[in-house]
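Enquirer: The structure under discussion is supplied below as structure tokens; questions concerning it will follow.
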Amino acid sequence: MKIASVEAIPIRAPMRPGDVYWGNQTWGKNKDAKAAAAGLPPDDDRSEYPHLWRSRAAYSRSVDTTLVKITTDTGIVGWGESKTPVAPNITATVIRELLAGILIGQDALTPALQWDRMYGAMRIRGHAHGFWIESISGIDIALWDIMGKALGQPICKLLGGPFRNRVKLYASGIPGVRHGAPQEAWDNLRVAAEDVKRRGFQAVKVAIGLSTQGDIRTIEILRDAFGPDFTIFTDAAMMYDVPQAVEVGRALEKLKVGWLEAPLPAEDIEGYARLARALDIPIASDLIFNRWQVRNLLLAGGVDVVQPDVCRSGGITECKRIAELADAFHKAATPHVSIGSIIQFAASAHLAASFPNQAVMEFWFGANPIGDAIAREPLKLVDGYLHVPMGPGLGIEIDEEKLRQYEV
């Protein structure tokens, strides 16, 4: 079975009026400036240290991604997704101009082989992560979808699982509130907590990294709102230095927080090691790009929970390798699942089902225009658990007509 065509589909789907993705609301700048809004204001204060503006990620006001459609010479179609929360045309161009030519005519049932061929094509130029790996990710997912459909099996079975047929979720995300925000912003935290509980989730992730004082107060309010038995995780998005992370981490330990995610810049492996030695709270990281970077982080003792993103960390092939590597160090692994389409959620569910060292998995609970809306059947989400779609391949059927209305 040969690869006949590789199509990249850049997507830009408008969010509901007034909605802002939680990452953008917390750390981004592409949002309205309101005194009572959660998160950092759009402007930057460059007089304080650490300089938060140096770690502020770019976000779109819409839900942006790049989908991949691979068709074989037998007519089987596989779907994949490449992480592109901004500028989806860049990734689409990489796929069209570079990767498609590498793949056309190749065996569609050899995703690991094709992964190495794609990665090796730009290895000499240092493209070990970023747009290149994100582009490979989407293609890899599509190839696994094809293999599952060709063999009549769900991806999780082809990966050696499933260890479970449903995956416990945590809802992401509640944006944190900065120190000095008006009372209305703090009241909104409790409203957000009630929304999470009403939807049946048993765990939540909160965006912090705004200031030590504000971050600690944010979690204190949410602990009171959720109660002592509800699981709370935190994500600092690289906004701290080591002393700040230690200060916040010790407060989070007292508040029984499940983990502190991405507290330091991804480059500071030694800082992560120092932090892990100083704190009892588990250190998690979604700043995962490939297995070699993860190896260095694990050898340094700088991480307890590894969070590869299937659309950003090399697809199903590489994420499975990363989880197995973490397992060899007796560390947990769980897919990072942020803004994206139903393809990302389904692929992540198959990975989570196949990880023996799986922890609770992320689930963005916002209104997603390219979630269930572009599928023939919705994913089954019951009482805070995502049931793994057990049809062939990804186990979902894409409604291409609905999808195409968002094509850039």
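Enquirer: Just give me the residues in segment 352-393 being in contact (Cβ under 8 Å) with a residue 24 or more places away in the chain, closer than 26 Å to Arg12 by Cα and acidic (Asp, Glu), in sequence order.
Expert: Glu362, Asp372
Enquirer: Please go through segment 219-277 and give me each residue that is part of a helix (DSSP H, G or I), basic (Lys, Arg) and more than 25 Å from Phe289 (Cα to Cα), ordered by number. First the steps, then the outcome.
Expert: To start, the set of residues in segment 219-277 that are part of a helix (DSSP H, G or I) comprises 219-226, 242-254, 269-277.
Narrowing further to those that are basic (Lys, Arg): 223, 250, 254, 274, 277.
Arg223, Arg250, Lys254, listed by residue number.
Enquirer: Aromatic (Phe, Trp, Tyr) and touching a residue at least 12 places away in the same chain (Cβ under 8 Å): which single residue out of Trp115, Trp53 fits that description? Walk me through how you get there before you give the answer.
Expert: Numbers: Trp53 fails: touching a residue at least 12 places away in the same chain (Cβ under 8 Å).
Matching residue, one of Trp115, Trp53: Trp115.
Enquirer: List, please: which pairs have Cβ atoms under 6 Å, are six or more places apart or on different chains, and start with a residue in segment 171-199 that is over 17 Å from Ser211 (Cβ atoms) and end with one that is part of a loop (DSSP other than H, G, I, E, B) and not hydroxyl-bearing (Ser, Thr, Tyr)?
Expert: Hits for this filter: Ala171/Phe201; Ala171/Phe365; Glu184/Ala36.
Enquirer: Give segment 373-396 a look and list any residue that's under 12 Å from Ile342 (Cα atoms) and exposed (fewer than 15 other Cβ atoms within 10 Å of the Cβ), or say none.
Expert: Arg376, Glu377, Pro378, Lys380, listed by residue number.
Enquirer: Still on this structure, I have one more. For segment 68-92, what are the residues that are assigned to a loop (DSSP other than H, G, I, E, B) and over 26 Å from Trp22 (Cβ atoms)? Outline the logic, then answer.
Expert: Restricting attention to segment 68-92, the residues satisfying the condition of being assigned to a loop (DSSP other than H, G, I, E, B) are 73-76, 83-87.
Within segment 68-92, Asp73, Thr74, Gly75, Ile76 meet the criteria.
Enquirer: I'd like the full set of residues that are within 30 Å of Asp73 (Cα to Cα) and either outside any strand (DSSP E or B) or not hydroxyl-bearing (Ser, Thr, Tyr) (or both), limited to segment 1-38.
Expert: Passing the criteria: Met1, Lys2, Ile3, Ala4, Val6, Glu7, Ala8, Ile9, Pro10, Ile11, Arg12.
Enquirer: Which one of these is surrounded by fewer than 24 Cβ atoms within 10 Å (Cβ to Cβ) and either modelled with pLDDT under 95 or acidic (Asp, Glu) (or both): Gly173, Gly180, Gly152? Give the derivation first.
Expert: Numbers: Gly173 fails: surrounded by fewer than 24 Cβ atoms within 10 Å (Cβ to Cβ); Gly152 fails: either modelled with pLDDT under 95 or acidic (Asp, Glu) (or both).
Result of the check over Gly173, Gly180, Gly152: Gly180.
Enquirer: Output the residue which, of all residues in segment 293-319 that are of a type in the set (D, E, K, R) and within 22 Å of Trp259 (Cα to Cα), is surrounded by the most Cβ atoms within 10 Å (Cβ to Cβ).
Expert: Step one: filter segment 293-319 for residues of a type in the set (D, E, K, R), giving 295, 304, 309, 312, 318.
Next, only the ones that are within 22 Å of Trp259 (Cα to Cα) stay: 295, 304, 309, 312.
Numbers: Arg295: 15, Asp304: 21, Asp309: 24, Arg312: 28.
That would be Arg312.
Enquirer: Check segment 54-67 and report whether any residue there is assigned to a helix (DSSP H, G or I) and over 17 Å from the mean Cα position of the chain (by Cα).
Expert: Of the residues in segment 54-67, the ones assigned to a helix (DSSP H, G or I) are 54-55.
Filter again for over 17 Å from the mean Cα position of the chain (by Cα), leaving 54-55.
The answer is yes; a qualifying residue exists.
Enquirer: Restricting the search to segment 65-84, which residues are out of contact with any Ser or Thr (no Cβ under 6 Å at 6 or more places or on another chain) and either touching a residue at least 12 places away in the same chain (Cβ under 8 Å) or closer than 15 Å to Leu403 by Cα (or both)? Let's see the steps before the verdict.
Expert: Restricting attention to segment 65-84, the residues satisfying the condition of being out of contact with any Ser or Thr (no Cβ under 6 Å at 6 or more places or on another chain) are 67-70, 72-76, 78-80, 83.
Within segment 65-84, Leu67, Val68, Lys69, Ile70, Thr72, Asp73, Thr74, Ile76, Gly78, Trp79, Gly80, Lys83 qualify.
Enquirer: If you don't mind, there's one more thing I want to ask. Could you check how many residues of segment 359-380 are in contact with a Lys or Arg (Cβ under 9 Å, 6 or more places away or on another chain) and either at positive phi or part of a strand (DSSP E or B) (or both)?
Expert: 4
Enquirer: Something else: Just checking, does segment 309-326 include any residue being within 23 Å of Val206 (Cα to Cα), hydrophobic (A, V, I, L, M, F, W, C) and either more than 15 Å from the chain's Cα centre (by Cα) or assigned to a helix (DSSP H, G or I) (or both)? Please lay out each step first, then the result.
Expert: So in segment 309-326, the residues within 23 Å of Val206 (Cα to Cα) come out as 309-313.
With hydrophobic (A, V, I, L, M, F, W, C) added as a condition, the list becomes 310-311.
In the following step, the residues that additionally are either more than 15 Å from the chain's Cα centre (by Cα) or assigned to a helix (DSSP H, G or I) (or both) were identified as none.
Scanning segment 309-326 turns up no residue that is within 23 Å of Val206 (Cα to Cα), hydrophobic (A, V, I, L, M, F, W, C) and either more than 15 Å from the chain's Cα centre (by Cα) or assigned to a helix (DSSP H, G or I) (or both).
Enquirer: Then there's this: Would you mind finding the one in Ile288, Ile283 that is in contact with a Cys (Cβ under 9 Å, 6 or more places away or on another chain) and within 30 Å of Ala128 (Cβ to Cβ)? I'd like the intermediate steps shown before the answer.
Expert: On the way: Ile283 fails: in contact with a Cys (Cβ under 9 Å, 6 or more places away or on another chain).
Only one candidate passes the filter, namely Ile288.
The values are calculated or read from the model by the stated rules, or taken from the named source; none is laboratory data. On a predicted model such as this, the values are computed, not experimentally measured, just so you know. As a convention, Cβ positions derive from the backbone with ideal geometry for all residues, glycine included, and neighbour counts pool all protein chains shown.
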